[in-house]
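Below is one structure; the comments refer to it alone.
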Amino acid sequence: MELLLGKTLEQLQEVALSVGLQKFAGKQLAEWLYVRRVKSFDEMTNISLKGRDALKARYTIGRHQPVREAVSVDGTRKYLFAVGEKFVESVYIPEDDRATLCVSTQIGCKMGCRFCMTGTLGFHGQLTAADILNQIFEIDQLAIADNRLPLSNVVFMGEGEPMDNLDNVLRALEIMTASYGCAWSPKRITVSTVGIPAMKRFLDESECHLAVSLHNAIPAERAQIMPAEKMFSITDVIALLKQYDWSHQRRVSFEYICWHKSSGSIPGNAVQGNDTIIHAKELLRLLRGLNCRVNLIRFHEGVEDIKSNRHFPGSDEQQMEWFRDYLTNNNLTTTIRRSRGEDILAACGMLVAQES
Ligand code: SF4
């Protein structure tokens, strides 16, 4: 059976015509799916009984609840969703008067970033626009039902490289922001990337914010921890970004997980730190002339790259504050982000969806 969730207005109009309804029923379907977010055809009361039966015979809505929830001591919640026989995770992060959802866009990831647990698992499939929207709608509804903050922001920073699944990501973004859909401002949504050529299409076709996973401004060092650097260098990423206007509503930010040098647990596996004055200066040089901000991410105590037996020890507080102040004093807006949900493996780079 085909899913209705994830279809655009135009596609829903085609669905309506295909089951003998008028074209305008497509707009009604969009409202039931994306505004009222119903989970059954029986709730679509302004569609005739005959029309609903015809829809039921050929389509399903495509909504399904998470199969598991884990709650962190800091209030962060991690949800596990089944996708066929695989699983993906999403993370709900409440903070003061806002709640951000971090959604996954792929099952696993092809990019293989060495510091990321998702990256060590490899790629196991694309999520559809329905899979992406289902994470958002289910978790928003659970929050509202529990009297917790409804979602104010969504970040596409969970499992996967969003630009490597761009058709589905753009479709989900259209539905989230279109007036026939959820009518969210694109300013409430941030999409991340390690920087691959497909990001140009995202820049041209979406107005949502962009977050680039940078982590090291020296290309040769970045290539050691992020294989994507070899395909599309961070210098090319920045050159591309400089062709766009970031001085108004749309923002570009850079994620920078800080760690210090480690000797590696076996010879030859030393990890270059990225928190020294050389790195700070290179970062300033790379981003000069670009209207942007840098988010330094306090990483978990230490993450292992299972494949190469490398150990990434997080930078200490003092070093991160020095790094932030150095950049800020040189006119690069920089903040330190708290890592959230570490105790439930929900923090940045820790998502490894498994049923048990
Ligand atoms: S950091 Fe992002 S792009 Fe890199 S391996 Fe992890 S999920 Fe993929």
### Query
Limited to segment 36-56, what total is found for residues that are surrounded by 15 or more Cβ atoms within 10 Å (Cβ to Cβ) and under 15 Å from ALA16 (Cβ atoms)?
8
### Qualifying position, being within 25 Å of THR118 (Cα to Cα) and within 16 Å of the ligand (Cβ to nearest atom), among ALA228, ALA220
ALA228
## Note on the structure
Only one of ARG188, ARG201 is more than 16 Å from the ligand (Cβ to nearest atom), basic (Lys, Arg) and within 30 Å of ARG77 (Cβ to Cβ), namely ARG188
### Query
What about ASP204, is it surrounded by fewer than 18 Cβ atoms within 10 Å (Cβ to Cβ), acidic (Asp, Glu) and not assigned by TED's automatic domain parsing to the domain that holds GLU31?
yes
### Query
Which residue pairs have Cβ atoms under 6 Å apart, sit 6 or more places apart or on different chains, and have a first residue in segment 97-112 that is over 17 Å from ILE196 (Cα atoms) and a second that is charged (D, E, K, R) and more than 8 Å from the ligand (Cβ to nearest atom)?
ILE107/LYS86
### Query
Is it fair to say ASP325 is assigned by TED's automatic domain parsing to the domain that holds VAL191, exposed (fewer than 13 other Cβ atoms within 10 Å of the Cβ) and either modelled with pLDDT of 95 or more or in contact with a Cys (Cβ under 6 Å, 6 or more places away or on another chain) (or both)?
yes
#### Entry: Condition met for ALA211 (farther than 17 Å from PHE254 by Cα and more than 10 Å from the ligand (Cβ to nearest atom))
no
### Message
List pairs: first residue in segment 117-140 and assigned by TED's automatic domain parsing to the domain that holds PHE156, second residue among the basic types (Lys, Arg) and part of a helix (DSSP H, G or I) anywhere in the structure, Cβ distance under 6 angstrom, at least six positions apart or on different chains.
### Response
ALA129/ARG171
## Note on the structure
Within segment 328-356, of all residues that are hydroxyl-bearing (Ser, Thr, Tyr) and more than 16 Å from the ligand (Cβ to nearest atom), the one modelled with the lowest pLDDT is SER356
### Query
Would segment 169-179 turn up any residue that is out of contact with any Asp or Glu (no Cβ under 7 Å at 6 or more places or on another chain) and within 16 Å of the ligand (Cβ to nearest atom)?
yes
### Task
Select from segment 86-124 the residues that are away from the ligand (no atom under 11 Å from the Cβ) and more than 30 Å from ILE144 (Cβ to Cβ) and list them in ascending order.
HIS124
#### Entry: In segment 128-161, the residues that are buried (at least 24 other Cβ atoms within 10 Å of the Cβ) and of a type outside the set (A, V, I, L, M, F, W, C)
ASP131, ASN134, GLN135, GLY158, GLU159, GLY160, GLU161
### Query
Is it true that VAL73 is closer than 27 Å to VAL15 by Cα and in contact with an Asp or Glu (Cβ under 8 Å, 6 or more places away or on another chain)?
no
### Query
Got at least one residue in segment 196-217 being in contact (Cβ under 8 Å) with a residue 12 or more places away in the chain and touching a Cys at 6+ places or on another chain (Cβ under 7 Å)?
no
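Let's see how each residue does on (1) of a type outside the set (A, V, I, L, M); (2) closer than 21 Å to PHE87 by Cα; (3) in contact with a Leu (Cβ under 6 Å, 6 or more places away or on another chain):
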| position | (1), (2), (3) |
| --- | --- |
| GLN126 | yes, yes, no |
| LEU142 | no, yes, no |
| ASN147 | yes, no, no |
| ASN153 | yes, no, no |
| PHE156 | yes, yes, no |
| ASN165 | yes, yes, no |
| SER179 | yes, no, no |
| CYS182 | yes, no, no |
| SER185 | yes, no, no |
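The values are calculated or read from the model by the stated rules, or taken from the named source; none is laboratory data. A quick note: this is a predicted structure, and the numbers were derived from the prediction, not measured. Please note: Cβ atoms are built from the backbone with ideal geometry, for glycine as well, and neighbour counts cover all protein chains shown.
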